[in-house]
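Asks: One structure, pasted below without further comment.
The values are calculated or read from the model by the stated rules, or taken from the named source; none is laboratory data. Keep in mind the model is a prediction, meaning the values are calculated, not measured. When the accessible area is computed, the model is the full protein with side chains, heavy atoms only, and any ligands, DNA or RNA have been set aside. Shrake-Rupley method; radii C 1.70, N 1.55, O 1.52, S 1.80 Å.
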Amino acid sequence: MAKSKIYKIIGGLFIIGLIVGFVVYSNLTNRHKAILKTTLLYKSGLVDAYWKIEKHRSEYKMISPDFYIDGIYKSMEGPKASNYIRLTEDSSLVWITDFHVRALDAKTRKYISKDFICHLNVDFNDANYYSSLGLENRIGKQYPRMATLSHGVENFALPKGYGVPMKGNQWLLATTQSLNHNIADANYLIKHEVTIGYHQDDQQTRPLMCRAIYIQLPFDKQDPYKEPMDPAANQCTPIETKNHVYVDGQGNTYSGHWLIKPGKKIYRSNVDNQLMITDSIRLHAAAVHAHPMSRYITLFDSTSNQAVFTSKIQNHQNKVGIDYISPFLSEKGIWLYKNHHYELILEVNNTSGKDQDMMGSMFLFFYDQELDQLLHKQKKLALKK
């Protein structure tokens with residue numbers, strides 16, 4: 001076969017490959033486009049692909065790789081990066097007390113708008129964590145997320161005198177994701193600065209355990225993208241059927257990430273199974289996660305018909321985004337009871353004139369009496385040696 005014919009075949013296959021690649025890329029979701037672009041940018045070396053770490057006595061600070069913002073990225077869509085971290089190099093006990101995330105200009109390292117922050121998740125290895133504390137019965141009971149910060153909650157500190165204890169050299173996984181609701185012609189390189197505050201073991205700090213609860217709404221699993229027949233029903237149209245989808249013991253499907261229509265609406269979700277209350281427990285803190293167009297989210301005691309607490313959500317006035325979501329913080333605490341039933345209630349007001357996506361969740365911190373007793377027992381044994 002002549003070389004010229006071979007070159008023509010190669011050229012033709014190359015053009016076909018480009019066309020196929022373009023078609024496939026065009027049909028990807030915005031989230032998957034971001035994943036592909038970010039991977040190519042990191043692999044090519046065109047942007048900084050590495051985390052920068054700063055360890056201090058009472059905080060662990062790190063700066064993310066570059067995130068290229070080239071258009072609209074709604075919640076859960078933007079470029080993101082993950083990093084495994086250890087707060088200290090030894091197994092001595094530390095107490096985690098606060099979390100922070102800020103957006104930076106990638107070149108100047110100056111702080112920029114928080115509207116480029118979608119969320120920061122901090123996860124732990126529950127098998128290692130609970131085994132090291134003598135709490136093996138808790139392994140696998142709930143998704144091991146210690147905390148989530150999100151747009152509107154970029155800083156969160158536990159009440160004075162409380163912390164989440166862990167061995168300093170155990171691994172945490174931090175994942176931070178970018179956001180851009182408003183700038184369609186964006187062309188930015190940004191970074192996220194993540195800080196986790198902690199202090200060494202002492203006799204004064206009381207332990208908190210983490211527990212996540214979130215709104216789950218039913219949808220038609222046979223035709224998931226069909227709108228509910230009754231607009232007033234507590235049902236939803238899911239964003240997708242792969243992520244944030246849950247199935248109960250009866251085979252019913254629920255979504256934690258759904259579409260909201262223009263106008264006002266209230267959504268309710270029972271959270272008894274997520275709370276897993278086996279005895280009365282005392283709530284001391286809660287970090288709230290919700291998307292723009294939400295107004296209030298309430299942890300509600302449906303047995304006593306009273307709100308445990310309500311978090312107010314302040315949206316931007318002239319653009320999409322959240323100014324502030326109020327946390328719950330209390331040194332005294334509020335009791336939740338085994339024989340009571342609890343709901344999450346989310347009130348939204350979609351003023352954009354078009355469909356928007358929505359989530360509603362809380363990351364709760366309860367006083368851990370069982371762990372407190374174990375730690376005191378371990379300290380007494382150590383003193384006797």
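Asks: Quick one: 3J(HN,Hα) in Hz for the stretch 151-157, Karplus 6.51/-1.76/1.60 with θ = phi - 60°, rounded, Gly and Pro as x.
Replies: 3, x, 9, 8, 9, 8, 10
Asks: Further question on the same structure: Cα centroids of the stretch 53-112 and the stretch 140-163: how far apart, whole angstrom?
Replies: 15 Å
Asks: Tell me what the chain gives for mean residue ellipticity at 222 nm when only DSSP H runs of n ≥ 4 count, each as -39,500 (n - 2.57), the sum divided by the residue total, rounded to 500 deg cm²/dmol.
Replies: -5500 deg cm²/dmol
Asks: Please identify, among 70, 90, 368, the residue showing maximal mean-square fluctuation in a Gaussian network model of the chain using a 10 angstrom Cα cutoff.
Replies: The residue with the greatest mean-square fluctuation here is 90.
Asks: Another question, if that's okay. Per residue, how many Å² of accessible area does the chain show with a 1.4 Å probe?
Replies: With the other protein chains kept in place, the chain gives 52 Å² per residue.
Asks: Given the options 228, 65, 292, which has the most mean-square fluctuation in a GNM of the chain, springs set between C-alpha atoms less than 10 angstrom apart?
Replies: 228
Asks: Heavy atoms only, probe 1.4 Å: what % of the accessible area of the stretch 158-248 goes to carbon and sulfur, would you let me know?
Replies: 50 percent
Asks: Compute the angle between helix 30-44 and the longest alpha-carbon principal axis of the chain, please, reported from 0 to 90 degrees and rounded to the nearest 10.
Replies: With both axes taken from Cα atoms, the answer is about 80 degrees.
Asks: Whose amide H sits under 5 Å from the amide H of residue 257, counting only residues 5 or more places off or on another chain, with H placed in the peptide plane?
Replies: Correct list: 239.
Asks: Nearest 10 degrees is fine. How inclined is helix 369-384 to the longest principal axis of the chain, computing both from alpha carbons?
Replies: Here the helix axis deviates by roughly 70 degrees.
Asks: Hey, another quick one. What are the ³J(HN,Hα) values, in whole Hz, obtained from phi via the Karplus relation 6.51 cos²θ - 1.76 cosθ + 1.60 with θ = phi - 60°, for each residue of the stretch 129-138 in sequence order, with x given for Gly and Pro?
Replies: With the stated coefficients, the stretch 129-138 comes to 4, 6, 5, 5, 9, x, 10, 4, 5, 8 Hz.
Asks: What whole-number value in cubic angstrom gives the convex hull volume per residue for the C-alpha atoms of the chain?
Replies: Roughly 204 Å³ of hull volume per residue.
Asks: Which one, 35, 345, 190, has the greatest fluctuation when you compute a Gaussian network model over the chain with C-alpha springs under 10 angstrom?
Replies: Of 35, 345, 190, the Gaussian network model singles out 35 as fluctuating most.
Asks: Using modelled amide H (1.01 Å from N, peptide plane; none on Pro or chain starts), what sits under 5 Å from the amide H of residue 356, excluding residues fewer than 5 places away?
Replies: The list, which skips near neighbours in sequence, is 260.
Asks: Relative contact order for the chain: what percent, with Cα pairs under 8 Å and sequence separation of 6 or more?
Replies: This gives 18 percent for the chain.
Asks: Given H placed on each backbone N at 1.01 Å, which residues far from residue 212 in sequence or on other chains put an amide H within less than 5 Å of it?
Replies: 364
Asks: Another question, then. Per residue of the stretch 325-342, what does 6.51 cos²θ - 1.76 cosθ + 1.60 with θ = phi - 60° give for ³J(HN,Hα)? Whole Hz please, x for Gly and Pro, Karplus curve as stated.
Replies: Coupling constants for the stretch 325-342: 10, 6, x, 10, 9, 7, 5, 6, x, 10, 7, 10, 10, 4, 8, 9, 10, 10 Hz.
Asks: Another one. Per residue, how much space in cubic angstrom lies within the convex hull of the C-alpha atoms of the stretch 152-289?
Replies: Hull volume over Cα atoms, normalised by residue count, gives 208 Å³.
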